[in-house]
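Here is the structure we will look at.
Nothing in this text is a laboratory measurement; each read-out follows from the coordinates by a stated rule. Fair warning: this is a prediction, and the values are worked out from it, not measured in the lab. Cβ placement follows ideal geometry from the backbone for every residue including glycine, while neighbour counts extend to all protein chains displayed.
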Amino acid sequence: MVLLVGSSGGHLAQLLALKPWYEGRRRRWVTFDTPDAVSLLAGEEVVPAHHPTTRNVRNLLRNALLARRELRRGDVAAVITTGAGVAVPFVVLARLRGIPTVYIEVYDRIDTATLTARLCRPFLSAMLVQWEEQRRQYPEATVVGNLL
């Protein structure tokens, strides 16, 4: 089972663009319980994450507990994320459990690395970027092309 983790809005939209890849796989989503996410993920298995995540230590801890619970279920084969803050505890704890972790940098950050990518980077199995120019920040990354 693949765990797809991302904030609602643009991060979720970019994960949804992976549909040709994930539609034949067992999956579970972790995102915020917002109207757009609820609508876009109707019929999918969704675990609601706590938000806001920016500079909110309480929700970071709550999401870390959520990540621990989800990863302990034992059915997670990989964690795939586009960020943002909700991704950090899932990536860190997955990697510590030996679960592969893949981060896809968002398409609109070409000249600078996102904070979430910088925090997750030491724990990643693979770093994917959407533009060749993003490899200036992530020389080890694989360019997968624009998702949107």
| query | Restricted to segment 97-112, and to residues that are of a type outside the set (D, E) and within 15 Å of the chain's Cα centre (by Cα), which residue is nearest to E70 (Cα to Cα)? | reply | I99
| said: Please pick out the residue among E132, E140, E45 that is within 15 Å of L4 (Cα to Cα) and free of Cβ contacts under 8 Å to residues at least 40 places away in the same chain. | reply: E45
| query | Scanning segment 13-26 for residues that are without any contact (Cβ under 8 Å) to a residue 40 or more places away in the chain and closer than 13 Å to L41 by Cα, which turns out surrounded by the most Cβ atoms within 10 Å (Cβ to Cβ)? | reply | L16
| field | Selection status of A117, touching an Asp or Glu at 6+ places or on another chain (Cβ under 6 Å) and in a helix (DSSP H, G or I) | value | yes
| request: Could you identify the single residue in R58, R73 that is within 19 Å of L119 (Cα to Cα), among the basic types (K, R) and either in contact (Cβ under 8 Å) with a residue 40 or more places away in the chain or exposed (fewer than 11 other Cβ atoms within 10 Å of the Cβ) (or both)? | output: R58
